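Peer 1: After the structure tokens below, expect a handful of questions from me.
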Amino acid sequence: MSFLASLTALKVLKLQDVDNLPTRVPYLASLTALTALKCQCWLEDLDLPRLSGSGNPPIFPALEELCLAHPGPHLSATAMSHCRSVKDLELVLPELTWTEWDALVPLNNLERLHIVKGGGLAAGEPLPDLPALRALTALTYLFSHFYYPLIAQLPALRELHLQSADDREAPGWALPPGPWLRNLEHLYIEQGLVGSIEAVLRHATRLTSLQLEGCPWLRFSREELPLLMGLPLRDFKLDKQLRYSEYALPSPLWDEESLWVVDGLRAGLELRAPHGESVSCEIDV
């Protein structure tokens with residue numbers, strides 16, 4: 001693998017299925033020479049080079065898209081923090097520690113972040129506030145398999161996709177208010193325990209797409225119908241059926257007040273269509 005060091009003009013790199021390498025040290029060292037790598041770097045079962053001490057040069061100084069899939073027990077957070085040009089980052093990890101979260105802070109060009117299966121924190125482990133993450137003012141898209149309370153501190157989010165992400169929360173928990181709602185336009189919650197999105201309805205005034213699938217504990221109050229109708233919604237989907245849960249599902253699945261709200265929402269959104277607005281409304285009861 002030492003030949004990588006000679007590919008100084010390489011723009012795209014994808015390495016996977018390299019478990020049989022006799023040693024990874026030469027490979028890791030050669031990565032630091034790929035200073036022209038820009039378009040994409042995908043490393044599976046491999047990590048970034050480990051850095052030590054100070055004065056390290058940037059890793060992949062031109063790289064815009066980086067994916068690290070199963071890099072090892074713990075990510076080389078120090079090296080990741082040196083990938084300063086990265087705009088799109090995907091992490092496929094068994095867990096994401098707070099040290100690794102903190103390593104994202106220097107990535108001030110980061111626009112899109114995908115965290116896949118990053119929910120391996122031990123039960124009862126405290127969730128610290130990392131105010132430095134508020135510095136990620138370019139981060140507009142987040143996909144995560146784990147809900148971190150610090151998500152509510154991300155100021156520039158426009159699109160958030162949470163998939164089976166709230167296992168640490170109690171069934172029926174409420175999404176919190178916070179800076180994350182100021183610019184939010186698309187919210188997709190899939191297979192969740194969430195029970196209330198009132199904060200979203202009150203503060204995410206730019207929301208155009210709201211998709212809630214597999215959320216059996218979700219409830220709406222009558223006071224929330226005017227909030228829903230006040231949003232610039234163009235796409236609304238609600239399906240409370242959950243494929244699997246370790247908890248007993250609420251019975252009945254739909255309460256009368258929630259049914260009243262969604263019926264009113266459906267009728268209100270249908271009235272927007274004759275005015276030339278493109279509106280999609282799908283409610284499975």
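Values quoted throughout were computed directly from the atomic coordinates according to the rules given, and no laboratory measurement underlies them. Quantities reported herein were computed from a predicted structural model and do not represent experimental measurements. Note: ideal-geometry Cβ built from the backbone for every residue, glycine included; neighbour counts use all protein chains shown.
Peer 1: Could you work out how far the C-alpha centroid of the range 218-285 sits from that of the range 185-211, in angstrom?
Peer 2: Rounded to whole Å, the Cα centres lie 11 Å apart.
Peer 1: Please list, in order along the range 150-155, the HN-Hα scalar couplings obtained from phi with the Karplus expression 6.51 cos²θ - 1.76 cosθ + 1.60 (θ = phi - 60°), rounded to whole Hz, x for Gly and Pro.
Peer 2: 5, 4, 5, 9, 6, x
Peer 1: Here's another thing I want to ask about it. Which FRET efficiency value, to the nearest 0.05, is calculated for E256 and M229 with the Förster distance at 25 angstrom and r the Cβ-Cβ distance? Please list the in-between numbers first.
Peer 2: On the way: r = 19 Å, r/R0 = 0.78.
Efficiency computed from Cβ-Cβ geometry: 0.80.
Peer 1: Tell me whether the range 151-239 comes out rounded, prolate or oblate; compute the Cα gyration tensor, take square roots of the eigenvalues as a ≥ b ≥ c, and use a/c under 1.5 as the rounded threshold. Intermediate results must be reported in sequence, preceding the final value.
Peer 2: Details: a/c = 1.44, a/b = 1.14, b/c = 1.26.
Judged from the Cα gyration tensor, the range 151-239 comes out rounded (a/c under 1.5).
Peer 1: Once R0 is set to 22 Å, what does the formula 1/(1 + (r/R0)^6) return for the Cβ-Cβ distance between E282 and R182, expressed as a FRET efficiency to the nearest 0.05?
Peer 2: On the way: r = 27 Å, r/R0 = 1.23.
The computed FRET efficiency comes out at 0.20.
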